[in-house]
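Colleague: The structure is given below, and queries will be raised subsequently.
Each value in this text was obtained by applying a stated rule to the coordinates, not by laboratory testing. Because the structure is a prediction, the values reported are computed rather than measured. Note that each Cβ is placed from the backbone with ideal geometry, even for glycine, and that neighbours are counted across all protein chains shown.
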Ligand code: UDX
Ligand code: UDX
């Protein structure tokens, strides 16, 4: 057992104060009161928001995050744009910058763009002092740690001549498995934590830090590449499960089976397990598609084409699911939804987050607008500006403004949204939507009225006494006479 203790660690710096870096560091600071945690970002506005007194407007929305920020900010938790100073003082630097799919160059459309990881490594190399442990938190392609090591090698000085202080590094991979919407819970009680690396002392120190709140048996020490690949593989397996149940949802709709009953039946088999079996409009979020594409790229790189094709199918199925739902809506209106008022309930990729990255709402909205519908979009947390960034400002219109050319508007008022609406589409299963008074809503709507429930949140009984026709994912149509 190494004699090194985590008492040596006084200051931690995190590069990137986004959906992963922000909540992860907030929980770390909360659970390690003796360590000062400096969360940095190149985006000054984001840091100002993290420092804002208005805890309802932190840049990331997660249940319980505001309470923890309030409790710890200014004590041992600091959000700063002074990246240089934070890195200089840090014993450990976490890299939590974004790694989007490359849009051009070699591997475009598949490989991750590592330019931010690279520039972060350079920055640490330049400013770090003494010995620094670099922890890869961002989800990265396998062997990214190699790239970081190569970069920092140029900055390493083992030389201890007068006036030249040594500067050394070790690189660890500790991918984050938190899911948005349950980030704080996932961070406080993770199923497991992975730490990959070769330097035993660094592995031990990071493990001791996690042990402040995570049982030792849940901390797995692996080699670097296993850790990186485990993260990609976890996300690929989860995504594959969703494509599997979504494929079955379409079969249920045709055959008269009910996907909820099928999910329950198969999930009761302990070998399969009951989680992650809810059929939906296709998975979204910043990770699943990106990580699958990465895995496909990696398999092709190593000439394992069959494996690459296998994982690529998971993405194709997901695209098909989104597409079939928008087509189905258009077909219900005999192929023409021009001037139809359609309410989209939910724009975030899942409930309890304001994140819209890769949300199925984006492609469904674009397809319906393209076909001439006037959309009214509602979401409890997502802002109108976020929607504009994702579906463009061109077709943005004021509420109830009719257009034959397709348009969208935004409201936080459900009744206003449904006034004279022809249809509603449930895209995100926000809790608020389970409590809707459909009888009342039905009175606001034009007849024939339709609800398309892509999340299976409504039961037929909820629509008793209304004139609403229902389509439900994995169940199909239930029509009023
Ligand atoms: C993370 C991971 O890093 C990504 O690899 C994973 O797949 C998804 O989760 P996330 O935290 O969700 O990304 O991204 P984002 O919310 O965009 O936050 C990244 C932050 O890093 C941004 O605020 C960006 O401004 C910041 N950044 C980026 C830096 O501070 N420095 C840089 O050099 C680049
Ligand atoms: C995922 C992984 O779960 C997490 O471990 C990893 O660190 C990051 O990627 P996240 O994308 O935040 O987390 O959310 P997740 O709960 O996995 O949902 C992803 C998508 O799948 C969402 O669009 C969600 O609506 C969808 N989903 C999830 C379903 O359609 N059905 C389900 O049963 C579960």
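Colleague: State the percent of C-alpha pairs, over all pairs in the stretch 187-234, separated by a distance greater than 14 angstrom. Don't skip to the answer; put the middle values down first.
Modeller: Numbers: 548 of 1128 pairs.
Percentage above 14 Å: 49.
Colleague: Note the angle between two axes, namely the Cα long axis of helix 115-127 and the longest principal axis of the Cα atoms of the chain, as a number of degrees from 0 to 90, rounded to the nearest 10.
Modeller: 30 degrees
Colleague: Which whole-angstrom value gives the distance between the alpha carbon centres of the stretch 128-144 and the stretch 166-227?
Modeller: 12 Å
Colleague: Helix 200-210: angle to the longest alpha-carbon principal axis of the chain, degrees 0 to 90, nearest 10?
Modeller: Roughly 50 degrees, rounded to the nearest 10.
Colleague: Kirkwood Rh and Cα-based Rg: tell me the resulting Rg over Rh for the stretch 341-407, rounded to two decimals.
Modeller: Ratio value, two decimals: 0.94.
Colleague: Another question, if that's okay. Quick one: Kirkwood hydrodynamic radius for the stretch 272-396, alpha-carbon pairs, angstrom, one decimal? Please report the intermediate quantities before stating the final value.
Modeller: Details: mean 1/r = 0.0620 Å⁻¹.
Final number for the Kirkwood radius of the stretch 272-396 is 16.1 Å.
Colleague: Mind sorting 367, 146, 217 by how few other Cβ atoms lie within 10 Å of their own Cβ, fewest first?
Modeller: Values: 367 18, 146 13, 217 7.
Listed from fewest to most nearby Cβ atoms, that is 217, 146, 367.
Colleague: Antiparallel DSSP bridges in the stretch 352-481: what percent, to the nearest 5?
Modeller: Numbers: 3 of 18 bridges.
Close to 15 percent.
Colleague: Quick check on packing: order 465-473, 233-241 by the mean number of other C-beta atoms within 10 Å, highest mean leading.
Modeller: The most tightly packed comes first, giving 465-473, 233-241.
Colleague: On a 0 to 90° scale, report how tilted helix 224-255 is relative to the longest principal axis of the chain, with both axes built from alpha carbons and the result rounded to the nearest 10.
Modeller: 10 degrees
Colleague: Modelled label-to-label distance, residue 302 and residue 108, 7 Å Cα→beta-carbon offset: nm?
Modeller: My value for the distance between the label points is 2.7 nm.
Colleague: Then there's this: Please give the peptides 33-44, 183-194 ranked by average Cβ packing (other Cβ atoms within 10 Å per residue), highest first, as a rough proxy for protection. Please list the in-between numbers first.
Modeller: Working: 33-44: 19.2, 183-194: 17.4.
Listed from highest to lowest mean packing, they are 33-44, 183-194.
Colleague: Could you line up 116, 213 from fewest to most neighbouring Cβ atoms inside 10 Å? Intermediate values should be presented prior to the final figure.
Modeller: Values: 116 19, 213 15.
Taking fewest neighbouring Cβ atoms as first place, the list is 213, 116.
Colleague: With labels modelled as points extended 7 Å from the Cα through the Cβ direction, what inter-label distance (nm, one decimal) is found for residue 268 paired with residue 323?
Modeller: 3.7 nm
Colleague: Where both partners of a DSSP beta bridge lie in the chain, what percent of those bridges are antiparallel, to the nearest 5? Don't skip to the answer; put the middle values down first.
Modeller: Working: 6 of 59 bridges.
Bridges in the chain are about 10 percent antiparallel.
Colleague: What span do the alpha-carbon atoms of the chain cover on each of the three principal axes, reported in whole Å from largest to smallest?
Modeller: Cα extents, longest axis first: 88, 50, 43 Å.
Colleague: OK, next. Cα centroid distance between the stretch 22-83 and the stretch 316-343, in Å?
Modeller: 41 Å
Colleague: Taking a ≥ b ≥ c as the square roots of the Cα gyration tensor eigenvalues, with a/c under 1.5 meaning rounded and otherwise prolate when a/b beats b/c, else oblate, which class fits the stretch 368-414?
Modeller: On the way: a/c = 2.10, a/b = 1.40, b/c = 1.50.
It is oblate, given that a/c is not under 1.5 and a/b is not larger than b/c.
Colleague: If you take the Cα atoms of the stretch 224-331, find Rg, then find the Kirkwood Rh from the mean of 1/r over all pairs, what is Rg/Rh?
Modeller: Expressed as Rg/Rh, it is 1.02.
Colleague: Still on this structure, please answer the following. Just the number, please: Stokes-Einstein D of the stretch 353-481 in µm²/s, Kirkwood Rh from C-alpha pairs, 4 °C, 1.567 mPa s. Display every interim value, and only then the final one.
Modeller: Values: Rh = 15.2 Å.
Estimated diffusion coefficient is 85 µm²/s.
Colleague: On to the next question. Say each of residue 313 and residue 336 gets a label point 7 Å from the Cα, pointing the same way as Cα to Cβ; how far apart are those two points in nm?
Modeller: Spacing of the two 7 Å Cα→Cβ label points: 4.0 nm.
Colleague: Next up: Rounded if a/c is under 1.5, else prolate if a/b is larger than b/c, else oblate: which is the stretch 81-133, with a ≥ b ≥ c the root eigenvalues of its Cα gyration tensor? Show your work: numbers first, answer last.
Modeller: On the way: a/c = 3.19, a/b = 2.94, b/c = 1.08.
Prolate, because a/c is 1.5 or more and a/b exceeds b/c.
Colleague: Which of the peptides 322-334, 396-408 is most tightly packed, and how do the rest follow, judged by the mean count of other Cβ atoms within 10 Å per residue? Don't skip to the end; give the middle numbers.
Modeller: Working: 322-334: 17.5, 396-408: 14.7.
In decreasing order of mean packing, 322-334, 396-408 become 322-334, 396-408.
Colleague: Right, another one. For the residues 445, 25, what sequence is obtained by ranking on other C-beta atoms within 10 Å, fewest first? Let's see the in-between values first.
Modeller: Details: 445 23, 25 28.
Listed from fewest to most nearby Cβ atoms, that is 445, 25.
Colleague: Given the -39500 (n - 2.57) contribution per DSSP H run of 4+ residues, what per-residue ellipticity at 222 nm results for the chain, rounded to the nearest 500 deg cm²/dmol? Numbers along the way, then the final one.
Modeller: Working: 17 runs with 191 residues, N = 481.
Value at 222 nm, helices only, nearest 500: -12000 deg cm²/dmol.
Colleague: Please figure out what share of the DSSP beta bridges in the stretch 1-100 is antiparallel and state it in percent, rounded to the nearest 5. Write down the numbers at each step before the final one.
Modeller: Details: 0 of 14 bridges.
So the antiparallel bridges in the stretch 1-100 amount to around 0 percent.
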